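The values are calculated or read from the model by the stated rules, or taken from the named source; none is laboratory data. Note that the coordinates shown come from a computational prediction; the quantities given were computed from them, not determined experimentally. Every residue, glycine among them, receives a Cβ derived from its backbone with ideal geometry; neighbour counts consider all protein chains shown. Heads up: the accessible areas ignore ligands, DNA and RNA and are worked out on the full protein's heavy atoms, side chains in. Shrake-Rupley method; radii C 1.70, N 1.55, O 1.52, S 1.80 Å.
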Amino acid sequence: MQAIILAAGRSARMGEQKLLMPFNGMPMLDFVIKTVLSCGFDGTCTVVSRETLDRLTPAEGADYIVNPDPDRGQDSSFRRGLSILPAGSSFAVFLADKPMVTAAQIMNLRRRFEFLLLAGTQKSALVPRKNGAPGHPAFYSYLWRERFLRSDAGCRSALFRREREEDVEWAEFDDCGHDSFFTDVDTPEDYRRLTGQ
């Protein structure tokens, strides 16, 4: 199973590149990559802008791919990540502005996803959901790579238009203990809440 970390955004609402802001003693993106690497995926690809990559110290064990036009949005980064997946590989999608997601939470979802595939049902994706809103990380079998890439409406909306909802297992979280799956760090106020500063 492969991991794709989407990290090419411009951070317009933050006013500076949020993924380079400090979190637990390192840039936020480095912290997220370190967490994902600790989960033992077969490969970890981080999609970044050239500007961000030039300011990073690459993490050992992680691969980086540049989105040359990040202003085209997250969908363009998702496609870049999907394009380099090994054939027949399942994958998990992470958003780099969710640094509160823990390795234990990731592994719990991964085990649930792997059991789902072994169970022989129609379900081929596991996506966290709270109050009807999807979260990340989300897990997909190899079937979803081509589904996402063929979607004219964009990779992300291919799922959320509900065209393949019968193939999705929704991991429902109604308690506040899993807010990390659903809370982005987008604004200075978000960052202050995250860091307690």
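Values as computed for the structure displayed
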item: Lone qualifier among PHE139, PHE115 - being open to solvent by 10 Å² or more (accessible area, probe 1.4 Å) and either without any contact (Cβ under 8 Å) to a residue 40 or more places away in the chain or not β-branched (Val, Ile, Thr) (or both); result: PHE115
item: Long-range neighbours under 8 Å by Cβ, at least six apart or interchain, first residue free of Cβ contacts under 8 Å to residues at least 60 places away in the same chain and within 30 Å of PHE115 (Cα to Cα) within segment 1-26, second open to solvent by 70 Å² or more (accessible area, probe 1.4 Å) and of a type outside the set (D, E, K, R); result: none
item: Helices (runs of 4 or more DSSP H) contained in segment 18-93 and holding at least 3 residues open to solvent by less than 30 Å² (accessible area, probe 1.4 Å) and at negative phi; result: 28-37, 74-83
item: So PHE113, is it under 25 Å from PHE31 (Cα atoms), at pLDDT 95 or above, outside any strand (DSSP E or B) and in contact with a Leu (Cβ under 6 Å, 6 or more places away or on another chain); result: yes
item: Filter result for LEU56 (under 21 Å from ARG72 (Cα atoms) and aliphatic (A, V, I, L, M)); result: no
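Yes/no per residue for (1) at pLDDT below 85; (2) over 18 Å from PHE113 (Cβ atoms); (3) surrounded by 17 or more Cβ atoms within 10 Å (Cβ to Cβ):
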residue: ASN131; (1), (2), (3): no, yes, no
residue: ARG145; (1), (2), (3): no, no, yes
residue: ASP152; (1), (2), (3): yes, yes, no
residue: PHE160; (1), (2), (3): yes, yes, no
residue: GLU169; (1), (2), (3): no, no, yes
residue: THR183; (1), (2), (3): no, yes, yes
residue: THR187; (1), (2), (3): no, yes, no
residue: ASP190; (1), (2), (3): no, yes, no
residue: ARG193; (1), (2), (3): no, yes, no
